[in-house]
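The values are calculated or read from the model by the stated rules, or taken from the named source; none is laboratory data. For clarity, every value in this text was computed on a predicted model and none was experimentally measured. Here the Cβ positions follow ideal geometry from the backbone for every residue, glycine too, while neighbour counts run over all protein chains shown. These accessible areas exclude ligands, DNA and RNA; they are computed on the full protein's heavy atoms, side chains included. Shrake-Rupley method; radii C 1.70, N 1.55, O 1.52, S 1.80 Å.
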Amino acid sequence: MSATPTEAATKRLAIAATVGDELRGGAGVADVWVEGALACGFAHQRSDIDIRLVVADRGRFGRHSRFSRIVDGTRVDVVTYDHADLAAIRSLLGSFDVGLSHLDTFGAVRANIEGLTRYMTAVRIPGPAVAVSSAAERAVYRQWAVAHQAEWIGSLAEDLVGCAEASMLDSAAVVWRQIVVHAALAEIAAAGMPLLGEKWLPILQARLGHRPVSTRFRDIDHGGFATCHLEALFRQLQVVMAEILLSVWPVNATPSPCPARVRGPGWTPHRYSSTWLLRRGDEHVPITGGQMIDWARSLGAGEVSASEGAECG
């Protein structure tokens, strides 16, 4: 994700290049990367610099495998990878592999999403900002990142219904704000951008080239969280997530009737390796691509007609 660096980022990239030159000369150092928002070209006036050393044997570095220093008033954090660490990261980006009967890989990816994001943002220093990851790895990361946000939203949707049913309206408002943030992150990921910290969302959204989904959620007062209003509230969320998921996994299939029981509040869409899924709490209902189109159309989701691409389930 290239961009003209901000003033604060330009200063920090210069520091990173100087430190990188010094570190590259160390024994056993194979490569030096800068990671995170700085690698994407932006930083604020207090941002740290994250540098990754790729080394032949991390064990040789001992307690020096992670250290910090202050350079020109800016903190530089250095962490090492050895070839085994790198292989583990790359193995998770080999394919998008999420099945109903084996969720271990999905759990490993979700637990390490920050590490995957750092790898996806990494560029070699010094020199031109050349991405460390391959185009194929970035495509798989995009799928993992969107699926990760969809899982967050599925869990939060259950909390939203529970809080509303218990008349915990202040809590419901907090959960709704979290849902809006995760929907915005899902849109960012679907656009091929990394899941950086939430503070960077406004900058990332400005790069979308269209109105961000978060602006499509209306402000909800306490009355909006009453159980009788949940259907309209969830329709906003369901429409947005259907559109985001279908932009990542386009479906070329004839719409077919979706089970009636998966309509209404609480249900959220998900995509696994070989199937679509509608979830409400612990209920998981696998559906076909044609049924996903039918479900999305029933909500009034825009641009969810059959698109070019292979059948997705």
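For Arg90, state whether it is in contact with a Gly (Cβ under 7 Å, 6 or more places away or on another chain), open to solvent by 30 Å² or more (accessible area, probe 1.4 Å), over 30 Å from Leu233 (Cβ atoms) and part of a helix (DSSP H, G or I).
no
For region 18-58, enumerate the residues that are in contact with a strand residue (DSSP E or B) (Cβ under 7 Å, 6 or more places away or on another chain), assigned to a loop (DSSP other than H, G, I, E, B) and small (Gly, Ala, Ser).
Gly28, Gly36, Ala56
Can you pull out every residue in region 141-179 that is over 19 Å from Val240 (Cα atoms) and buried (at least 22 other Cβ atoms within 10 Å of the Cβ)?
Tyr141, Ala164, Ala172
Scanning region 270-313 for residues that are modelled with pLDDT under 90 and among the hydrophobic types (A, V, I, L, M, F, W, C), which turns out most open to solvent (accessible area, probe 1.4 Å)?
By that ranking, first place goes to Ala310.
Scan region 102-125 residue by residue and report those that are in contact (Cβ under 8 Å) with a residue 40 or more places away in the chain, open to solvent by 50 Å² or more (accessible area, probe 1.4 Å) and more than 18 Å from the chain's Cα centre (by Cα).
The one that is in contact (Cβ under 8 Å) with a residue 40 or more places away in the chain, open to solvent by 50 Å² or more (accessible area, probe 1.4 Å) and more than 18 Å from the chain's Cα centre (by Cα): Arg124.
Please find, within region 250-269, the residue that is modelled with the highest pLDDT out of those that are open to solvent by less than 20 Å² (accessible area, probe 1.4 Å), of a type in the set (A, V, I, L, M, F, W, C) and out of contact with any Asp or Glu (no Cβ under 8 Å at 6 or more places or on another chain).
So the residue we want is Trp267.
Looking only at residues that are within 14 Å of Gln149 (Cα to Cα) and part of a helix (DSSP H, G or I) in region 190-200, which one is least open to solvent (accessible area, probe 1.4 Å)?
Result: Ala190.
Does any residue of region 212-226 turn out to be in contact with a Pro (Cβ under 7 Å, 6 or more places away or on another chain), among the acidic types (Asp, Glu) and either modelled with pLDDT under 90 or surrounded by 22 or more Cβ atoms within 10 Å (Cβ to Cβ) (or both)?
no
Does Trp152 fit the bill of being outside any loop (DSSP other than H, G, I, E, B) and within 30 Å of Thr4 (Cβ to Cβ)?
Considered against the rule, which asks whether it is outside any loop (DSSP other than H, G, I, E, B) and within 30 Å of Thr4 (Cβ to Cβ), Trp152 comes out as no.
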